[in-house]
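First the structure, in the form of structure tokens, and then the observations on it.
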Amino acid sequence: MKRRDLLKMATLAPCTSFILGTHKTHALTPRATTARRRRVRPTDAGWPSKESWQSLNAAVDGNLIEVRPLLAPCALQSDSPACVDVMQHLRNPFYLGDQAGGTQVSGWLDAWTPAPSAYAIRARGAADVVAGVNFARTNNLRLVVKGTGHSYLGTSNAADSLLIWTRAMSAVRLEDAFVPTGCSGTVAPVSAVTAETGAVSIDLYDAVTNRAGRYVQAGGCTDTGVAGLVQSGGFGSFSKGFGTAAANLLEAEVVTADGLVRTANACLNPDLFWALKGGGGGTFGVITRVTLQTHELPNRFGGASMKIKAQSDAAFARLIARFVSFYHSSLFNSHWGEQVKLGPDNTLEVSMASQGLDRAQLDDVWRPFAHWLEASPQDFTLMRPLFIYAIPPQRYWDVENNPSMIHDARAGSPKHHCWWSGDQDQVGAYIHGYESLWLPASLLEPYAQPRLAKALFAASRFKQLSLHMNKGLAGATPQARAAARQTAMNPAVVDAFTLVIIADGEGSAYPGLPRPPIDLKTAHADARAIGLAAAELRKIAPDAGSYVSESNYFNPSWQRAYWGSNYERLCIIKKKYDPEGLFFVHHGVGSEGWSADGFTPI
Ligand SMILES: Cc1cc2nc3c(=O)[nH]c(=O)nc-3n(C[C@H](O)[C@H](O)[C@H](O)COP(=O)(O)OP(=O)(O)OC[C@H]3O[C@@H](n4cnc5c(N)ncnc54)[C@H](O)[C@@H]3O)c2cc1C
């Protein structure tokens, strides 16, 4: 480790000093210190007896299930109906979310492999969650929480654990005049939506936009779970207009490690409320319900897409420089989100989404860039010409009228359950490597643009870069930026114009899936190339933060990268609500106090 890195680490007190009470500068809520013990596995003498499990099962009305690996039916018989069923649906993200042993990615090279919990509670309400939390605490079990399993880092999956699985809790209700509990008389009522914790983004968009003509900030990926999203931060395509999901949280119901059902909002348990807004999933308790603010719907949603190939490295460098300048002058505002990709094959691919702009306005925005390209046919080929559209918002998430969406065709599945065809490759993917960095908007200033363009070009020599413009809030509305400052996310998100994601992998590699072995040499080469690409960007953004839920599993300074200056406060809140560390996730707040698998205190 370089000296500079050591110095950076030195300024950040490790969470263990708060958890264990050795940090000198903070008076912590006094609590009886309970010795943290190694958690038990099914092979240990201390594992609960059959009778204990039976009584837990009775307490949750028969909703305790033994969890099997996703491909377990195929290990028994490859032509059994159960095996045929799982193979048929392996590329359906809603199916994966509906399996107790399901994960949305099928693992990560040298990091984690899907491994089912010993048992899961298919929770139907807060009472089931309380039963699970109390059982795990009193029996010293490794506890894990899952909504739909959209964790790249594998944080909703742990072998030999008890899983609290919230997918079945998915009711959504609109609120005309919501006032958080305990805030009566201090805040004005607002329009809102209340969702049980297993609801996914498209459930919210369907209820709020399609049916009620309003807007709610959920995820871009339609099947991301609402509780995971809020605790990550949570970006959708239009986050520059409406902020993060976390910043829109008005209230959460949460079961904490002591088994209490608490309400968290600006008036009740405000410290917990703040921590739930971006402090990381599976860390502070089990959320059972959230209420998010809703907004007036803009007149149009739309977007622009195209793919350009430059004929030489020099032409590509020129194209990047021109796009950076065009982005700064024309797209760097609250209307535009989503992505631009820069590839080692000298391609620039635009897949941008807009809100609040009609077709004529979109044409005006893109015309100068299109003309610039047309002026140099010898340098640039349009692999896909510019396509611009603007539609009424209620058609955006309407699967019947949107050919870019794939419907969950299983019998009985809700009509609105669909995913973007562009997200199909992510379903069940196996990850070779992954990095993400927030780039500060200061790099867009005209004097800095040449440095930015040069670094983007240099990084793109190693791997494709995806610039997610909606995942940085510079250029967003003042309200969206101010609200994000009131969350636990790394404050760098407010001043970043983009989150650059550099990732690669391959198709599904679930344990037990019949397929050729992973080519480890290629996979490791991919991981190295991703690291080299990120290193080029760190030259211009040495302290770049990273989005907790879309980030590098191996990030050595994750505390600073995910939460920046908020980390210390998060540690104090963790200590207050979970002093024994019942809730553990990889690189979550307080995880320094545990072995990598979360079983052994260190
Ligand atoms: C394919 C894919 C697409 C994605 N798209 C987006 C996107 O568009 N925008 C974005 O911002 N992020 C995105 N993410 C990141 C994703 O939003 C986060 O990982 C989010 O936490 C997912 O929540 P989940 O319930 O779907 O997943 P899970 O894996 O079930 O949960 C994620 C984390 O939250 C915890 N958790 C889940 N439910 C609860 C609960 N009720 N109480 C307490 N903790 C809980 C879990 O323990 C786990 O640590 C994506 C991830 C993937 C894999």
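The values are calculated or read from the model by the stated rules, or taken from the named source; none is laboratory data. All values reported here derive from a predicted model rather than from experimental measurement. Please note: Cβ atoms are built from the backbone with ideal geometry, for glycine as well, and neighbour counts cover all protein chains shown. The accessibility values were calculated without ligands, DNA or RNA, using every heavy atom of the protein model including side chains. Shrake-Rupley method; radii C 1.70, N 1.55, O 1.52, S 1.80 Å.
Whole angstrom only: what separates the Cα centroid of region 451-510 from the Cα centroid of region 272-303?
A separation of 19 Å, based on Cα centres.
What percent of all Cα-Cα pairs in region 169-232 falls into each 5 Å bin, going from 0 up to the bin containing the maximum distance?
Final binned percentages: 4, 18, 26, 22, 17, 10, 3, 0.
At a 4.7 angstrom Cβ threshold, list every cysteine in the chain that has nobody to pair with, or say none.
Here CYS221, CYS418 come out as lacking a disulfide-compatible partner, given the Cβ-Cβ threshold of under 4.7 Å.
Amide H of LEU250: which non-local residues (sequence gap of 5 or more, or other chain) have their own amide H closer than 5 Å, using H built in the peptide plane?
The list, which skips near neighbours in sequence, is THR291, LEU292, GLN293.
Rounded to the nearest 0.05, what FRET efficiency is calculated for SER595 and ALA75 with R0 set to 41 Å and r the Cβ-Cβ distance?
So, using R0 = 41 Å, E works out to roughly 0.90.
Which whole-number value in Å² is the accessible area per residue of region 312-468, probe 1.4 Å?
43 Å²
Could you run the Karplus curve 6.51 cos²θ - 1.76 cosθ + 1.60 with θ = phi - 60° over region 386-392 and give me ³J(HN,Hα) per residue in whole Hz, x for Gly and Pro?
Whole-Hz 3J(HN,Hα) from phi for region 386-392: 4, 10, 10, 8, 9, 9, x.
Please compute the modelled spin-label separation between LYS521 and ARG410, points set 7 Å along Cα→Cβ, answer in nm with one decimal.
The two pseudo-label positions are separated by 4.0 nm.
What's the percent breakdown of Cα-Cα distances in region 318-442 across 5 Å bins, shortest bin first?
For region 318-442, the binned pair fractions read 2, 7, 14, 19, 17, 16, 14, 7, 3, 1, 0 percent.
Roughly how many percent of the accessible protein surface of region 342-500 is carbon and sulfur, given a 1.4 Å probe and a whole-percent answer?
Summing carbon and sulfur atoms, their accessible area is 55 percent of the total for region 342-500.
Okay, which of region 336-368 sit inside 18 Å, backbone N to the point 7 Å along the Cα-Cβ direction of GLU374?
So the set is 360-368.
Determine the relative contact order of the chain: mean sequence separation of Cα pairs under 8 Å and six or more apart, normalised by residue count, in whole percent.
After rounding, I find 18 percent.
Suppose the chain between ARG461 and LEU532 were pulled fully straight at 0.36 nm per residue; how much longer would it get relative to their current alpha carbon spacing?
Taking ARG461 through LEU532 to full extension adds about 24.6 nm, to one decimal.
Scaled to the compact-protein estimate 2.2 N^0.38 Å, what is the alpha-carbon radius of gyration of region 506-565, rounded to two decimal places?
Computed over Cα atoms of region 506-565, the ratio equals 1.46.
Given the C-alpha atoms of region 89-145, compute the convex hull and give its volume per residue in Å³. Could you put the intermediate results ahead of the total?
Details: hull volume 5.3 nm³, N = 57.
So the per-residue hull volume is 94 Å³.
Convert each backbone phi in region 323-338 into a coupling constant with the Karplus relation 6.51 cos²θ - 1.76 cosθ + 1.60 (shift: θ = phi - 60°), then list the ³J(HN,Hα) values in order as whole Hz, x for Gly and Pro.
The phi angles translate into 5, 4, 5, 4, 4, 4, 7, 10, 10, 7, 7, 6, 7, 10, x, 6 Hz.
Ordered by residue, what ³J(HN,Hα) values in Hz, to whole numbers, does region 54-65 give under the Karplus form 6.51 cos²θ - 1.76 cosθ + 1.60, where θ = phi - 60° and Gly and Pro are x?
Rounded to whole hertz, the list is 5, 6, 5, 4, 5, 5, 10, 6, x, 9, 8, 10.
If you wrap a convex hull around the alpha carbons of region 195-261, what volume per residue comes out, as a whole number of Å³?
Spread over its residues, the Cα hull of region 195-261 gives 88 Å³ apiece.
From largest to smallest, what semi-axes in whole angstrom does the chain give when each is the square root of 5 times an eigenvalue of its alpha carbon gyration tensor?
38, 27, 26
Rounded to two decimals, what is Rg over Rh for region 439-535 when you use alpha-carbon atoms and the Kirkwood radius?
Expressed as Rg/Rh, it is 1.12.
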